[in-house]
1. Residue by residue, what Karplus-based ³J(HN,Hα) values in Hz, rounded to whole numbers, does segment 174-180 have, using 6.51, -1.76 and 1.60 with θ = phi - 60° and x for Gly and Pro?
2. ARG68's amide H: which non-local residues (gap 5+, or another chain) put their own amide H closer than 5 Å, with H modeled 1.01 Å from N in plane and none for Pro or chain starts?
3. Among residues other than ALA69 whose Cβ falls under 12 Å from its Cβ, what is the net charge (Lys/Arg +1, Asp/Glu -1)?
4. Counting Lys +1, Arg +1, Asp -1, Glu -1, what net charge surrounds ASP120 among other residues with beta carbon under 14 Å of its beta carbon?
5. Below 9 angstrom from the Cβ of ASP178, what's the summed charge of the other residues (Lys, Arg +1; Asp, Glu -1)?
6. Determine the relative contact order of the chain: mean sequence separation of Cα pairs under 8 Å and six or more apart, normalised by residue count, in whole percent.
7. Most mobile of ARG164, ARG17, ARG61 per a Gaussian network model of the chain (Cα springs, under 10 Å)?
8. Can you say what percent of the DSSP beta bridges in the chain, counting only those with both residues inside, are antiparallel? Round to 5.
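Taken together, the values in this text are just the output of simple stated rules run on the coordinates, not laboratory data. In this text, all values refer to a predicted model and were calculated from it rather than measured experimentally. Every residue, glycine as well, gets a Cβ built from its backbone with ideal geometry; the counts of neighbours run over all protein chains shown.
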Amino acid sequence: MSSRAEFLGRIRQQIARAPALFDAAPSLRPARPADVADTICRELIERWPATLERFQREFERVGGVLHRAASVSDVPAIVGRLARERNAGSVVSWHPSALGFDPGPGMAAEKLTCHMMPTDVPPSGTRHEIRETIAMTPLGLTGVDLALAETGTMILRSAPGRPRSTSLLPACHVAVFDRAVLVESLAQVSVFLEAWHAEEASGAVINFITGPSRTADIELTLTRGVHGPKEVHAIFVERPIRGG
């Protein structure tokens, strides 16, 4: 049997063969992260088209599919088409206060049953029923807190009305976002993480979603959907979701 040193040595050799996608360096911890986050948002007002282009390239490279909608009123039609292609009749959704719009009427027009997540923390018995419903629903609809162009990653925070199971249990995850959540680099993401930590109660889960779920066994046989959705779709809304 190989020694621990030999085992780790082989891992280092394999890592050395794979070129890095980008240079990695530690980021300084900002003293006032909210102010730095505001500055990042202002700077990206002019650069968002290029940022979206890079996000789409990296997102599709890892197996995601990007759709574009003129406004949130067009989102249900896209979700409806995805549902019909998968013979699905229902969707589970974040609460409208978390999404920034109410998808219920549009989903009804698409003849889809929409299971809306409650904003109040349900009792333990009801919580189990909600999880069962989410697990049995083919499509999960969520918002996005940050869309990271550098790796095509969507970052989602859990909270009442926006449980993480909505993006993890359905076979197809559909996320809706606009230009306001686009960021260019992981260094910028770290600033927002610091700002969120400073302003929110501890305990929220933050998910980094980079394409569909992938799992490989010891023989490197790749399987999708074992630990999450088999498909990940993103809908970019041209018109701001909130306030316009």
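1. For segment 174-180, the Karplus-derived couplings read 10, 10, 10, 8, 10, 5, 5 Hz, x marking Gly and Pro.
2. Amide H neighbours of ARG68, under 5 Å, 5+ apart: PHE236.
3. Cβ neighbours under 12 Å give a net charge of 0.
4. Counting the neighbours of ASP120, the net charge comes to +2.
5. Around ASP178, the surrounding residues sum to +2.
6. Numbers: 413 pairs, mean separation 63.1, N = 244.
Relative contact order for the chain comes out at 26 percent.
7. ARG17
8. Among the beta bridges of the chain, antiparallel pairing accounts for roughly 30 percent.
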